[in-house]
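First comes the structure, then the notes that go with it.
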Amino acid sequence: MTDRVAVVGAGQMGNGIAHVFAQYGFPVTMIDVSQDALDKGRSTIARNVERQVKKGTIAAEDQVKILARVDLSMDLEAAAESALVIEAASEDSGLKYRIFTDLDRIAKPDAILATNTSSISITEIARRTSRPDKVIGMHFMNPVPVMKLVEIIRGLATSDETTKRVMAIALQLEKTPVEVNDYPGFVSNRVLMPMINEAVYCLMEGVGAPEAIDQVMTLGMNHPMGPLALADLIGLDTCVAILEVLRDGLGDPKYRPCPLLRKYVAAGWLGRKTGRGFYTYSK
């Protein structure tokens, strides 16, 4: 399949997903309500493609071709001709429900509607459409051009055919699709977020400085990145949102976000995207 793909959202995950599809020959429409977000998304793709050329992972002559495959639009109606639509908006259930209600009306009847949600129920999202059998989770990892895993999440009504097609598409992108079932946080964030949350508690309680906490996990547990640095990469607001989904969906208070994590979010210290989180970053 090299049919057109639409990606809803031009942020960190959206532009990464658009980049990978364009790299592997798919024409892509990247959609966002903000022209500024679209322009920044395209610039990010251009920088990352240039980095790939310098590293020798793609040929120099492919650089222009990849960028030419990415169209931009501020109108959700631009998803009308796509065989696959991937929603990569903010981790907000109400927003996702509204997008999928609109996409169900706009998209072709046989189009697959996928979500890059990292925690929200696929079954709940699918219920907002008339095609729950064609709704599925495609949870890409950040940074999308680098990370191999795609967590494939079946909702209660997702068909075998939809799952088979999406698994095959992930393989076309040279990703490793792993099928999991639809429970809060799926596998990735159900395991990851409590670790990040506990690392923040360690910081709040003075057990160690951010560098110390992260070094224990990188050097002692062989993690490629410490939990606090990873939280900054994900976005601290996203971490809070996922933890709240886990707490509410599983009914277990152990998933409640650490008060210090909430405080950072309240201060606007969201991590890399704002230049400050548990660490300070130059923009």
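Of everything in the stretch 71-84 that's outside any loop (DSSP other than H, G, I, E, B) and of a type in the set (A, V, I, L, M, F, W, C), which residue is surrounded by the most Cβ atoms within 10 Å (Cβ to Cβ)? Within the stretch 71-84, the match that is surrounded by the most Cβ atoms within 10 Å (Cβ to Cβ) is ALA79.
Considering the conditions (1) without any contact (Cβ under 8 Å) to a residue 24 or more places away in the chain; (2) hydrophobic (A, V, I, L, M, F, W, C); (3) surrounded by 14 or more Cβ atoms within 10 Å (Cβ to Cβ), VAL178 is excluded by exactly one of them, (1).
Sort through VAL33, VAL53 and tell me the only one that's touching a helix residue (DSSP H, G or I) at 6+ places or on another chain (Cβ under 8 Å) and either modelled with pLDDT of 95 or more or not hydrophobic (A, V, I, L, M, F, W, C) (or both). One residue alone meets the criteria, VAL53.
Within the option set ALA22, ALA68, ALA6, being at pLDDT 95 or above, open to solvent by 70 Å² or more (accessible area, probe 1.4 Å), over 21 Å from ARG272 (Cα atoms) and aliphatic (A, V, I, L, M) holds for one residue only, ALA68.
Scanning the stretch 250-273 for residues that are open to solvent by 50 Å² or more (accessible area, probe 1.4 Å) and either of a type in the set (Gly, Ala, Ser) or not in a loop (DSSP other than H, G, I, E, B) (or both) yields a count of 11.
To keep it simple, each residue is scored yes or no on (1) part of a helix (DSSP H, G or I); (2) under 19 Å from ILE152 (Cα atoms).
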{"site": "PHE21", "(1), (2)": "yes, yes"}
{"site": "ALA46", "(1), (2)": "yes, no"}
{"site": "VAL49", "(1), (2)": "yes, no"}
{"site": "ILE58", "(1), (2)": "no, no"}
{"site": "VAL64", "(1), (2)": "yes, no"}
{"site": "ARG105", "(1), (2)": "yes, no"}
{"site": "ALA114", "(1), (2)": "no, yes"}
{"site": "SER118", "(1), (2)": "no, yes"}
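Conditions tested, residue by residue: (1) part of a loop (DSSP other than H, G, I, E, B); (2) touching a Leu at 6+ places or on another chain (Cβ under 7 Å); (3) surrounded by fewer than 15 Cβ atoms within 10 Å (Cβ to Cβ).
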| position | (1), (2), (3) |
| --- | --- |
| ASN142 | yes, yes, no |
| ILE152 | no, no, no |
| GLU174 | yes, no, yes |
| PRO184 | yes, yes, no |
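Within the stretch 196-222, being open to solvent by 50 Å² or more (accessible area, probe 1.4 Å) and touching a Cys at 6+ places or on another chain (Cβ under 7 Å) holds for one residue alone: MET204. The residue of the stretch 85-111 that is most open to solvent (accessible area, probe 1.4 Å), among those that are hydrophobic (A, V, I, L, M, F, W, C) and more than 14 Å from GLY14 (Cα to Cα), is LEU95. When you look at PRO184, is it within 17 Å of the chain's Cα centre (by Cα) and within 30 Å of GLY25 (Cα to Cα), yes or no? Taking the combined requirement at face value, the residue does not satisfy it. A single member of LEU228, LEU250 is under 19 Å from SER93 (Cβ atoms) and of a type outside the set (Ser, Thr, Tyr), and it is LEU250. MET225 - would you say it is on the phi < 0 side of the Ramachandran plot and either touching an Asp or Glu at 6+ places or on another chain (Cβ under 8 Å) or open to solvent by less than 40 Å² (accessible area, probe 1.4 Å) (or both)? Yes; evaluated as a whole, the condition is true for this residue. Inspect the stretch 27-37 for any residue being of a type in the set (A, V, I, L, M), open to solvent by 30 Å² or more (accessible area, probe 1.4 Å), part of a loop (DSSP other than H, G, I, E, B) and closer than 28 Å to PRO184 by Cβ and give the result as yes or no. Yes. Please tell me if ALA231 is open to solvent by less than 40 Å² (accessible area, probe 1.4 Å), assigned to a helix (DSSP H, G or I) and either at pLDDT 95 or above or touching a Lys or Arg at 6+ places or on another chain (Cβ under 6 Å) (or both). When the stated conditions are applied, ALA231 passes them.
The values are calculated or read from the model by the stated rules, or taken from the named source; none is laboratory data. Since the structure is predicted, the reported quantities are computational estimates derived from the model, not experimental observations. When we count neighbours, we look across all protein chains shown, and the Cβ atoms used for this are built from the backbone with ideal geometry, even at glycine. With ligands, DNA and RNA removed, areas are computed over all heavy atoms of the protein, side chains included. Shrake-Rupley method; radii C 1.70, N 1.55, O 1.52, S 1.80 Å.
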